[in-house]
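What follows draws every value from the coordinates through simple rules; no lab data is involved. Values in this document were obtained by computation on a predicted structure and should not be read as measured data. Here the Cβ is made from the backbone with ideal geometry for all residues, glycine too, and neighbour counts use every protein chain on show.
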Amino acid sequence: MDTGMLTTMAAWAAVALLVACLGLYAFLRRSLTYWRRRKVAFAPPSVPFGNYADTILGKKSLAMVVHDIYETHRDQRYVGTYFMAMPMLQLHDVDIIRQVFIKEFQDFNGRGMHYDPSYDPLSGHLFQLSGPIWKNMRVKLSPTFTTGKIKYMFSTIGDCNDNLCEHIDANLAEGRGVYTEDIRDLVARLFTDVISSVAFGIESNSLKNPDSEFRRMGARIFEPCLDVNLRHLLIFFGGGIMKTFSIRSVPAHIHDFFTRIVDEMVDHREKNNVERADMLNLLIKLKNDGFVPVDGPGEERSDSQDSSSKQVQKLEKHQIAAQVFVFFLAGFETTSTTTSFTLYELAKNPEIQTKLQQEVDAVLQKCNGKLTYEATQDMHYMDMVIQETLRHYPPVPFLTRQAMVKRQLPLTDVVLDKGMRLMIPVWSIHMDPEYWEDPTRYDPTRFSEEAKSARHPGVYMPFGDGPRICLGMRLGLLQVKMAVASVLSRATVTLAPGMPRQPRFSPRCVLPSPIDGITLTLTARS
Ligand code: HEM
């Protein structure tokens, strides 16, 4: 080919590229007028990232960007935003939010998240599903989390907690009564042990071995770095992109690890008729029978027990892997964040810590020093302390819902297109002075029965609300209580030297991740 011809081709290619760029720019500009055309107040977007440039570029966490929008549009009941060119509506009015969560839930039952089990089997889990597939799965899984089933898992959780006590006692002895620990890492390892044991029936041994395979996988899933952050953002808002480029919810080595482990465990248990007090056992029942039996007259019944539909309700093996995966995902990061921030706040608030220690001591005394399930239910001040932590540091600082049909936004005349995503700024509402006096003050008395009943029920939602409320709430709270009680019964916590009094959060993490970790000094109690 001669040089003239090459030059002409390069020129045409440049023109084509320019036209494509201009076309894309015009498309984005037009898309970004969606809310203006509908006369809905909106946060001014920019090309190409809409309102989320800082999050996509890893400069600010999604929760902070959502919070900035909340702060600058505080007077609006809802505000239009754009994730790149995709319009979303951020809801500020707590009455509208409650209608969406509860009363008109049937039209908003999705989170708008990516899932496509055909090439990404682990995406087919409860958190990412929507519509009838979600409903069917939720009905099947609900009996796995009844009080009876949680009691059934209690001894397993207790064993992991005993390891925590041994670890603290050994370190206190070695440090002659005082030592310093990265609490966030410690409890992440503890809960990795708890969840791998109650979900998979595997002793991951992460407390003793920080380099265990389960701990490495868990740490990688939530690592505060740009590629993990982008993958999480795509799961929330970029399902189309994920499908087009066959991007999976987790990197290949994590996908392979979880699917292999579950395959091996299911085969092993079925061949050897092994029964264990864990979730995998219950999921295998769902695979073989289509339902898990309820425990007694006080337990929740579920549609999954309708024998006429047992055939359609049986789980496939890949669905077991996805559900076990979400229990792992949802089960250790949320509880670690809650436990470590509770201990952090107790370290900053010694009077609250002393009061809680007194309650723990009294309850432990009643059960001869060995924590029982019933004893954990007797710790009422502990409940208030944990609830206040969850107000300050909700592990899931924002929630999403999706309009499953074209319809009006409840209590307004705004028409939502089918598929429209709704953003609920949980953390901003938890910190709004309109609902919480002096919101930055850590004060568990906000959660006395009297104070709770005097408040609008929609201003506190660390576990979400309505039919999609966290399925593992009771299990999560139990884990946190047991870990906090174990620490406080043997040590008093204070901030380690250099630990800031105001945590700084990583801009590259969808879930709150303190940049400085949470390092505390533990001093043996006399
Ligand atoms: C302190 C601990 C925890 C917190 C703060 C928490 C918070 C949440 C939140 C905010 C949601 C979304 C709810 C909504 O959209 O309305 C959720 C969903 C979920 N959580 Fe938790 N969670 C915790 C512990 C756990 C544990 C221990 C498990 C299981 C082992 C678990 C399993 C789930 C599942 C399966 C869902 C999806 C429910 C659905 O979509 O139907 N969570 N959680």
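From most to least packed by mean Cβ count within 10 Å, the peptides 347-359, 381-393 give 381-393, 347-359.
Model label sites at GLU203 and ARG501, defined 7 Å from Cα along the beta-carbon direction, differ in position by 4.4 nm. Cross-linked pairs LYS140/LYS314; LYS151/LYS208; LYS243/LYS314: Cα-Cα separations exceed 20 Å for LYS151/LYS208; LYS243/LYS314. Hydrophobic long helices, here whole DSSP H runs in the chain with Kyte-Doolittle means of at least 0.5 and Cα atoms spread over 20 Å or more along the helix axis, are found at 3-31, 473-490. Across all directions, the shadow cast by the convex hull of region 368-470 built on its C-alpha atoms averages 8.9 square nanometres. Straightening the chain between LYS39 and ARG220 buys 60.8 nm, computed as 0.36 nm per residue apart minus the Cα-Cα spacing.
Rounded to the nearest 0.05, the FRET efficiency derived from the C-beta distance between ARG525 and LYS418 at R0 = 45 Å is 0.15. Estimated from helical segments only, the mean residue ellipticity of the chain at 222 nm is -15500 deg cm²/dmol, where each DSSP H run of four or more residues counts as -39500 (n - 2.57).
The order of MET404, MET473, MET88, going from fewest to most other C-beta atoms within 10 Å of their C-beta, is MET473, MET404, MET88. When both region 441-458 and region 499-524 are represented by their alpha-carbon centers, they are found 26 Å apart. Here the label points at ASP383 and THR440, each 7 Å from Cα along the C-beta direction, are separated by 3.1 nm in the simple model.
Descending by average beta-carbon neighbour count within 10 Å, the peptides 502-512, 322-332 line up as 322-332, 502-512, the highest first.
Considered as an equivalent ellipsoid built on the Cα gyration tensor, the chain has semi-axes of 40, 29, 25 Å, the largest given first. Does anything in region 29-71 have its amide N under 17 Å from the 7 Å Cα→Cβ label point of CYS21, and if so which residues? Correct set: 29, 47-49. Counting only Cα atoms, the size of region 423-526 along its three principal axes is 42, 32, 30 Å, in decreasing order. Listed by Cβ neighbour count within 10 Å, with the fewest neighbours leading, SER61, SER453 appear as SER453, SER61. Take the Cα of LYS59, step 7 Å toward its Cβ, do the same at VAL47, and the gap between the two points is 1.9 nm.
Sorting SER204, SER31, SER526 by the number of Cβ atoms found within 10 Å of their own Cβ, with the fewest placed first, yields SER526, SER31, SER204.
The Cα center of region 330-387 and the Cα center of region 140-183 differ in position by 12 Å. For LEU6 and CYS367, compute 0.36 nm times the residue count separating them, minus their Cα-Cα distance, and round to one decimal in nm. In short, 121.4 nm is gained. Annotation for region 36-79: trypsin sites (Lys or Arg not before Pro) lying in DSSP loop with at most 13 further Cβ atoms inside 10 Å of their Cβ are LYS39, LYS59, ARG74.
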